[in-house]
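Asks: Sharing a structure here in structure tokens format.
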Amino acid sequence: MRNTRPKGSRFYIIAVLAVATVITAISSTLTYKNSIKAAEDSMKLQSLGIAVSLEALLKDSYELKNRKNIFKDIITEGKWEGIAFIALYDKKGKTLLHSNENLIGRELPDEFIKAAAETGRPVNRYAVLGTDERVFMLDFPVHIKNTENILRLALRTYPVEGVIRQARLQVLGMAVVIGILWVIGYFFIRASHRAEELKTKMAERERLAEIGEMASVLAHEIRNPLGSIKGFAQYLKEQQNKRAVEQQRDYLNIIVSESNRLETLTDDLLTYAKPVEIKQEEFNMDELLDEIFKTRRSDVDAKDIDMKVSTHSGLKLKSDRDKLKQVLMNLVNNSVEAVDSNGVIEIKAGTVGDKINILLKDNGCGMDKETIQQAFKPFFTTKTKGTGLGLAIVDKLVKALGGKIEIESEPQKGTVFKIELPNSFVPD
Ligand SMILES: Nc1ncnc2c1ncn2[C@@H]1O[C@H](COP(=O)(O)OP(=O)(O)OP(=O)(O)O)[C@@H](O)[C@H]1O
Ligand SMILES: [Mg+2]
């Protein structure tokens with residue numbers, strides 16, 4: 001469970017990058033294609049415009065019987081910019097007029113001229129000239145003196161190539177940005193992976209430290225009662241023949257109580273270390289509290305403690321009865337230990353909506369701020385014979401029951417534990 005968040009964030013980063021890459025790739029391709037299309041459209045329009053103007057010019061010059069090469073003049077005068085050459089062919093491909101005079105009269109069997117002549121429609125394409133120059137070529141059918149000729153116009157493509165180059169640069173720029181994002185993403189994921197590893201290592205170190213602490217407390221706690229048990233057992237062995245019955249009874253009592261202490265310690269340790277298994281059932285809160293008080297009756301009577309219980313009679317709850325009993329037992333034990341003679345311990349229980357609220361209040365020695373902060377930590381105790389597992393177990397069980405617990409306490413005034421639990425819940 002501990003590692004789900006970083007893995008989730010890694011997946012999120014990869015997903016975002018993948019989506020960004022796909023969107024950028026699609027938009028770049030569209031932009032690039034549109035630029036090429038716009039460039040071609042602009043060449044088409046420009047060439048058609050020039051061709052129409054030239055057709056009119058040709059008609060005039062033919063009618064005036066002006067035999068001078070107007071195409072050459074157009075190129076040299078630079079009337080229309082970007083024209084590589086202009087030529088006029090008859091339907092068979094014979095060059096009637098050409099901006100390069102040397103080519104006039106040349107036969108040019110050309111499929112494009114043929115296509116334009118046959119369909120009577122302009123034909124355009126990109127072509128590469130003998131000079132290796134790439135041009136936009138238009139073959140435009142023109143009618144001069146009732147004969148059909150083909151006007152060929154070769155336009156230089158460099159103005160529109162600038163636009164295409166810019167589009168290409170834009171695509172490249174986007175690819176670089178996406179590449180950089182992936183590199184940043186990679187380093188981010190690597191850093192988060194390292195942080196995760198470090199966290200796992202630290203958690204492991206913390207766990208080992210806790211186990212070490214547990215082992216030292218265990219050794220300490222077991223050694224003392226064990227010393228007593230061993231000592232008194234040896235003594236009783238030596239005294240077998242003597243008649244010290246009264247004293248032997250005292251020692252046997254000590255052996256039994258120290259063995260009990262060890263038993264409680266091992267029970268507490270097991271409860272704290274074991275995973276909690278929740279079994280829900282419906283039960284009566286009055287009866288549960290009654291059972292708890294009966295178990296502590298002798299101490300309550302010895303200290304003459306005033307036990308006050310206020311619950312709705314017959315309050316029915318749905319939770320894990322045994323776990324809740326252990327939680328309340330540990331809290332009541334602490335309160336019984338905290339109050340002086342004639343102390344007051346009060347328990348209130350009730351339900352609000354789908355929540356169970358339990359309040360346990362005593363007017364005992366109370367806790368200072370530091371004690372409150374440490375109280376739920378395992379092995380924290382201020383008592384000479386405490387193990388410090390009571391509240392650690394309470395905390396663990398309350399969490400397993402899906403609830404929460406809070407302490408309010410003031411030294412010399414008393415302590416209040418507030419527990420909120422769901423009334424029936426789905427355990428994790
Ligand atoms: N009702 C209370 N009034 C005053 N102090 C309390 C109360 N409950 C807990 N404490 C403080 O919190 C500490 C931790 O309590 P916790 O029950 O975990 O351990 P413990 O009672 O010392 O030992 P044990 O494992 O035997 O229960 C106690 O040592 C005590 O200082
Ligand atoms: Mg305790």
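Asks: Which order do THR266, THR387, THR24 fall in if you start with the one that has the fewest other Cβ atoms within 10 Å? Please report the intermediate quantities before stating the final value.
Replies: Working: THR266 13, THR387 21, THR24 16.
Arranged by neighbour count, lowest to highest, THR266, THR387, THR24 become THR266, THR24, THR387.
Asks: Here's something else I'd like to know. Longest segment of the chain with no GluC sites (Glu not before Pro) in a DSSP loop having at most 15 other Cβ atoms within 10 Å? Kindly include the intermediate steps, with their values, before the conclusion.
Replies: Numbers: sites that count: GLU81, GLU133, GLU277.
That gives 278-428 as the longest site-free run.
Asks: Follow-up. Take LYS44, project a point 7 Å from its Cα along the Cβ direction, then tell me which residues of the stretch 113-131 have their backbone nitrogen under 15 Å from it.
Replies: Inside the label zone: 121-126.
Asks: So, one more: Could you grab the relative contact order for the chain? Cα pairs under 8 Å, six or more apart, rounded to a whole percent. Could you put the intermediate results ahead of the total?
Replies: Working: 553 pairs, mean separation 44.1, N = 428.
Once normalised by length, the contact order is 10 percent.
Asks: Quick one: order TYR89, TYR186 by neighbouring beta-carbon count within 10 Å, fewest to most.
Replies: The most exposed by this proxy come first: TYR186, TYR89.
Asks: Find the percent of Cα-Cα distances in the chain that exceed 29 Å, and round it to a whole number.
Replies: Values: 63789 of 91378 pairs.
Of the Cα pairs, 70 percent sit more than 29 Å apart.
Asks: Got a sec? How would VAL16, VAL142 order by Cβ neighbour count within 10 Å, fewest to most?
Replies: Working: VAL16 12, VAL142 18.
Lowest count first: VAL16, VAL142.
Asks: Taking every pair of alpha-carbon atoms in the stretch 269-428, what share in percent sits in each 10 Å bin, from 0 to the bin with the longest distance?
Replies: With a bin width of 10 Å, the distribution comes to 10, 41, 38, 11, 0.
Asks: Let me ask something else about it. Give the residue list of trypsin sites (Lys or Arg not before Pro) in the stretch 130-206 that are DSSP loop and have at most 11 other beta-carbon atoms within 10 angstrom.
Replies: Working: sites: ARG134, LYS145, ARG152, ARG156, ARG165, ARG168, ARG190, ARG194, LYS199, LYS201, ARG205; in loops: LYS145.
Passing sites in the stretch 130-206 are LYS145.
Each reported figure results from applying straightforward, stated rules to the coordinates on display, with no laboratory input. Predicted model, so just to flag it, every value in this text is computed and none were measured. Glycine also receives a Cβ, built like all others from the backbone with ideal geometry; neighbour counts cover every protein chain displayed.
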